[in-house]
Ligand SMILES: Nc1ncnc2c1ncn2[C@@H]1O[C@H](COP(=O)(O)OP(=O)(O)O)[C@@H](O)[C@H]1O
Ligand SMILES: [Mg+2]
């Protein structure tokens, strides 16, 4: 086998295994050696089903790709060396021709990826698209609701004056009160129409403001620890929006703690990162961690959606607005949650000269 044909594969971060048409392994790149804890030299020439346990699904995928001479991806594969833990992988099988002296030899290229990794990428992409769609949906919906709402309220008011039996006023009052409540909700949904006023700012000033606001709201029982990276670069942003975004997240943490517990605010620099599909050399990570009960299972996928709340009397807008503000700064917000530890992470890009 020509090593020149394979040397390119050595550099790939994806785990790649090359098998011949009899399903004997010809080569594993270093990423695959790592993944399966095998050495390419030792396994060369050995049959796939000798090296791995339960290869039926994998063999079916290979068969499909070979018979149809096309690339085929199996998304749900459990694979591992005999006697070792199974890995949860996806595998893309691609028929290839390898140069072999003067002729060509048919072979199959298997690319393996961890499902978790792939799910994470897909989930982040989905969240980004969704939050943009959310934003538009909210604005349109709020506008659509506001207009007839004014009409309903006005008509109820007129009716209220005309009613002769006093006990009927109760009903018109309900209509008016509820219309006012909806109106206030719609106004909150439409608030971010103030144009952002970006300036170079120190994120720690934002965090300190939020900290003092929350400590004033929760004078007892809640401890806020700080773990700031003092060498943090400035970011370009709208201070009021960022305060609102962080405040919404920290207030949720405080509410989840129910007057007893600890919130940790930490900052650090992240290098070489892609945010909202753009690559940056530096970004700032702000982490808000609490030791409360965690986000209820039923809300896990939806906490950023508008009007999703797990609290009595909650508006379900806090995280939607936080996400909107962070996205307007070309950043992303995400979270990890388990009972006893919930962390929201806000990543904000550091725009550099020549970088945008
Ligand atoms: N740190 C947290 N710990 C536990 N649950 C949380 C946390 N942050 C958010 N949540 C859950 O997410 C829901 C949505 O939050 P949010 O969008 O701010 O709306 P609201 O606070 O009005 O309910 C909350 O009601 C709560 O159930
Ligand atoms: Mg909230």
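Any read-out appearing in this document is the output of simple, stated calculations on the displayed coordinates, not a laboratory observation. Quantities reported herein were computed from a predicted structural model and do not represent experimental measurements. We place every Cβ from the backbone using ideal geometry, glycine too, and count neighbours over all the protein chains shown.
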How much length, in nm to one decimal, is gained on full extension between residue 298 and residue 152, taken as 0.36 nm per residue of separation minus their Cα-Cα distance? 49.1 nm
GNM result for the chain, Cα springs below 10 Å: residue of 340, 83, 318 fluctuating most strongly: 83
Packing-based exposure ordering (other Cβ within 10 Å, fewest first) of 228, 335: 228, 335
What is the Cα convex hull volume of region 3-119 when expressed per residue in Å³? 100
Given R₀ = 35 Å, what would the calculated FRET efficiency be for residue 271 paired with residue 86, taking r from the Cβ atoms and rounding to 0.05? 0.55
R0 of 45 Å, Cβ-Cβ distance residue 258-residue 229: FRET efficiency to nearest 0.05: 0.90
Taking springs between alpha-carbon atoms closer than 10 angstrom, which of 166, 30, 196 fluctuates most in the Gaussian network model of the chain? 166
Would you look at the GNM of the chain, springs on alpha carbons closer than 10 Å, and say which of 345, 85, 289 moves the most? 85
Can you classify region 29-84 as rounded, prolate or oblate using the Cα gyration tensor, where a ≥ b ≥ c are the square roots of its eigenvalues, rounded means a/c under 1.5, and otherwise it's prolate if a/b beats b/c and oblate if not? prolate
Over all directions, the average projected area of the alpha-carbon convex hull for the chain comes to how many nm²? 27.2
Against the empirical 2.2 N^0.38 Å scaling, what ratio does the C-alpha Rg of region 194-356 come to? 1.01
Please find the FRET efficiency linking residue 336 to residue 106, where r is the Cβ-Cβ separation and R0 is fixed at 56 Å, and quote it to the nearest 0.05. 0.80
Taking the Cα-to-Cβ direction at residue 190 and at residue 170 and moving 7 Å from each Cα, how far apart do the two end points lie in nm? 3.4
